[in-house]
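The values are calculated or read from the model by the stated rules, or taken from the named source; none is laboratory data. A quick note: this is a predicted structure, and the numbers were derived from the prediction, not measured. Methodologically, a virtual Cβ is constructed for each residue, glycine included, from the backbone with ideal geometry; neighbour enumeration extends over all protein chains shown.
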Amino acid sequence: MIKAVIFDMDGTLIDTEKYYHICWMEAIRHFGYEVTDEQAYGLRSLGSPFVQEYFRKLYGPDFDYEKVHAYRKQLMEPMLLEKGIDLKPGAKELLRYLRNKGIITAIATATDIERTEKYLKQLGLYAYFEKVISARMVEFGKPAPDVYLYACRQLGLAPSECMAVEDSPNGVTSACRAGCKVVMVPDQTQPDEKLLSMLFAKVDSLIELMDLI
């Protein structure tokens, strides 16, 4: 029986991953490096220290992650202010449904806690969540299981009692390694066979989760 649903935020509940993608590519190229769409997609939900390792493998030991990351953030904020942040279809409807059923909800995101809370409050979602967990609170970010294991402990539940909702391969891998039942709502790319083997289910929209709980 599912007692809690733990959501990723970016790309799952809010439609921000497309902006991260644009800004990462622009920031990397700004410092003279080439980057493909596929390489940039690999950054989704990728936490510390894996993101630094990812860049070192692509560009060598001299790649200045902190400088590029800072420039990406510099690009991102005005873009979000200009374009706004949209909810993913069905987000509020699903959260209301889970509340009415007495199912606990939480966030487990790679985004820092300050921006996470800011976005959730801005979009009227913050009050729906029992716990808001950032991967910055644990030693290893996604795809390591730490953030989901920590979220489960904070909720006082076993991972097997929790459903995780994710949009990206790194997020799915993290939740699966933690032992949660993982549902993927693909955002920018579809799962391959390996990723499909980790899933409890794949759905096309958040609304479809109501049929699984």
Test: residue 147 is closer than 16 Å to residue 10 by Cβ and assigned to a helix (DSSP H, G or I): yes
Restricting attention to the stretch 110-132, and to residues there that are of a type in the set (Ser, Thr, Tyr), surrounded by 19 or more Cβ atoms within 10 Å (Cβ to Cβ) and at pLDDT 95 or above, which single residue is farthest from residue 198 (Cα to Cα)? 119
Residues (in contact with a strand residue (DSSP E or B) (Cβ under 7 Å, 6 or more places away or on another chain), part of a loop (DSSP other than H, G, I, E, B) and among the aliphatic types (A, V, I, L, M)) located in the stretch 119-144: 123
Is there any pair with a first residue in the stretch 163-192 that is among the basic types (Lys, Arg) and a second that is surrounded by fewer than 19 Cβ atoms within 10 Å (Cβ to Cβ) whose Cβ atoms are under 8 Å apart and which are 6 or more apart or on different chains, and what are they? 181/2; 181/160; 181/200
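In the stretch 133-142, what residues are surrounded by 20 or more Cβ atoms within 10 Å (Cβ to Cβ) and either of a type in the set (Ser, Thr, Tyr) or in contact (Cβ under 8 Å) with a residue 24 or more places away in the chain (or both)? Before you say what the answer is, go through the steps one by one.
Just the residues of the stretch 133-142 that are surrounded by 20 or more Cβ atoms within 10 Å (Cβ to Cβ), to begin with: 133-135, 138, 141-142.
Within the stretch 133-142, 133, 134, 135, 141, 142 meet the criteria.
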Residue 134 being in contact with an Asp or Glu (Cβ under 7 Å, 6 or more places away or on another chain) and of a type in the set (Ser, Thr, Tyr): yes
Could you check how many residues of the stretch 162-185 are among the charged types (D, E, K, R) and closer than 18 Å to residue 49 by Cα? 1
Across the stretch 21-55, the tally of residues that are within 23 Å of residue 145 (Cβ to Cβ) and either assigned by TED's automatic domain parsing to the domain that holds residue 182 or basic (Lys, Arg) (or both) stands at 1
So residue 107, is it in a strand (DSSP E or B) and either crowded, with 16+ Cβ neighbours inside 10 Å or in contact with a His (Cβ under 7 Å, 6 or more places away or on another chain) (or both): yes
Mind checking which residues of the stretch 167-177 are among the aliphatic types (A, V, I, L, M) and either farther than 15 Å from residue 107 by Cβ or not assigned by TED's automatic domain parsing to the domain that holds residue 152 (or both)? 172
Kindly establish whether residue 150 is at pLDDT 95 or above and farther than 21 Å from residue 45 by Cα. no
Assess whether residue 169 counts as being crowded, with 17+ Cβ neighbours inside 10 Å and under 21 Å from residue 98 (Cβ atoms). no
